[in-house]
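Inspection log for the structure reproduced underneath, given as structure tokens.
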Amino acid sequence: MGSKKILLVDDSSTARLVTRLIFSQKSNYVLLSAVDGKDAVERALAEKPDLILMDVMMPRMTGLEACRALKQHKETSKIPVMLLTTRGGEQFVEEGYESGCSDYLTKPVNDTELLELLKAYLGE
Amino acid sequence: MSATEEKKPQPEAQNREGSAHETRGLTFGALRVRAQQLSLREQLERQHFLLERLNAASARLLQAIELGDVYEAIGEIIGNLLGSEQVAIFRHHTSDQTFSVVWSVGIESETLRQFGMGAGFLGRAAHEGISQFRNRRPDRPVLPHEANLTACIPLKRDREVIGVIVMLRLLPQKNGLEWADFELLKYLETYGAVAAQLQDLRENPVKP
């Protein structure tokens, strides 16, 4: 069985770099990346990742908009989307779940907890 | 069976008792060792966690090829690894001993633009060249624009302060700065300054 593909979406290169370092050291996942919501939808349709880990506040298309768009496409509607953001308020969390995400995590995230959660979603 | 014989402990019983003592002793000993191992592992996990962050911070600083990108990298490192989205970076102007903002995120532009060396909490931290944390110095008076201050980190090479990182509020989900955060800030204090000063020299070489 091949390694699972995770699409990481964040406009911050630091965030992408940190996640890439964590994943390369502690997992066998294949990490794809996108720089905003629009890019994420395009890549998800093309690559069919097993899971999407996405920031919320991004230019061109926010994570919430991208999540809604992904849930509307037949090919991507079943892919679990985890929103990973600095916005931790109750209202933001509610908005996140309304967009159709499977989980809502706040930054800064604990590496071990994140990987455990991913494993659970990926059925490992 | 004689009384003497009765008092004699039976070899089997003696063995059982001895063995129980030993097992109990071994169990306590093993538990102590296990607790020590767990404690050590916890410490090492924490240090490893910091190492990962320093690694990421270094990689990001090394990627920055322009001065503006160095500032952005510092801001992003604080935003993503520490948990604050109210950050400003100030540059030191040696000519008039003032600091002016060169990069900021989440801060009203009019609120915090400039300060003088020695003035207010920020100015004093810059003057002393030592990182200051508001909750550690509640006695120090603050100016109105410093009200939400969390930390002030001088960017310095040796003793020369070339700028200052100002962190206002932490993210609501962040309960406070932790050991790894202080270490990361210490790293930025020096290596953020190195990256910024080097890019500055590359972009603005000193004319003979």
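Points worth noting:
- Candidates B:Leu168, B:Leu82, B:Leu44: whichever shows maximal mean-square fluctuation once chain B is modelled as a Gaussian network with Cα springs under 10 Å: B:Leu44
- Take the Cβ atoms of A:Glu98 and B:His127, set R0 to 51 Å, and the FRET efficiency comes out at 0.55.
- Treating r as the C-beta distance of B:Leu201 and B:Ala119 and R0 as 22 Å, the FRET efficiency rounds to 0.20.
- Candidates B:Thr111, B:Thr98, B:Thr190, ranked by Gaussian network fluctuation over chain B, Cα under 10 Å, top entry: B:Thr111
- Taking A:Leu64, A:Leu114, A:Leu84 in turn, the Gaussian network model of chain A (Cα-Cα springs below 10 Å) assigns the largest fluctuation to A:Leu114.
- Charge sum, other residues only, whose C-beta stays under 14 Å from B:Val102's C-beta, Lys/Arg counted +1 and Asp/Glu -1: -3
- Fewest-first sequence of B:Tyr71, A:Tyr121, A:Tyr29, A:Tyr97 by Cβ atoms within 10 Å of each Cβ: A:Tyr97, A:Tyr121, A:Tyr29, B:Tyr71
- Between region B:68-96 and region A:1-57, the Cα center-to-center distance that results, in Å: 26 Å
- MRE, 222 nm, helices only [DSSP H, n ≥ 4, -39500 (n - 2.57), over chain A, to nearest 500]: -13500 deg cm²/dmol
- Helical runs assigned H by DSSP (4 residues or longer) give chain B a calculated mean residue ellipticity at 222 nm of -15500 deg cm²/dmol, each run adding -39500 (n - 2.57) before division by the residue total.
- Overall, the anisotropy analysis places the protein assembly as shown in the oblate class: the square-rooted eigenvalues a ≥ b ≥ c of its C-alpha gyration tensor yield a/c not less than 1.5, with a/b not exceeding b/c.
- Footprinting exposure proxy for B:Asp139, B:Asp158, A:Asp36, A:Asp55 (fewest neighbouring C-beta atoms within 10 Å first): B:Asp139, B:Asp158, A:Asp36, A:Asp55
- Segment B:Asp96..B:Glu108, full-extension length gain: 1.9 nm, with 0.36 nm per residue of separation and the alpha-carbon distance subtracted.
- Scanning residues 5 or more positions from A:Thr85 or on other chains, those with amide H under 5 Å from its amide H are A:Leu105, A:Thr106, A:Lys107, with H placed 1.01 Å from N in the peptide plane.
- Evaluating kT/(6 pi eta Rh) at 25 °C and 0.890 mPa s, with the Kirkwood radius of region A:5-121 over Cα pairs in the Stokes-Einstein relation, gives 178 µm² s⁻¹.
- Residues in region B:77-99 that a label on B:Leu62 would reach, taking backbone N under 18 Å of a point 7 Å out along Cα→Cβ: B:77
- Pairs from A:Lys38/A:Lys78; A:Lys48/A:Lys119; A:Lys38/A:Lys74; A:Lys26/A:Lys71 whose Cα-Cα separation, in the structure shown, is over 24 Å: A:Lys26/A:Lys71
Readers should treat all values here as calculations from the given coordinates under stated rules, not as data from a laboratory. What you see is a predicted model; the values in this text were computed from it and never measured. FYI the Cβ positions are ideal-geometry reconstructions off the backbone, even for glycines, and counts take in every protein chain you see.
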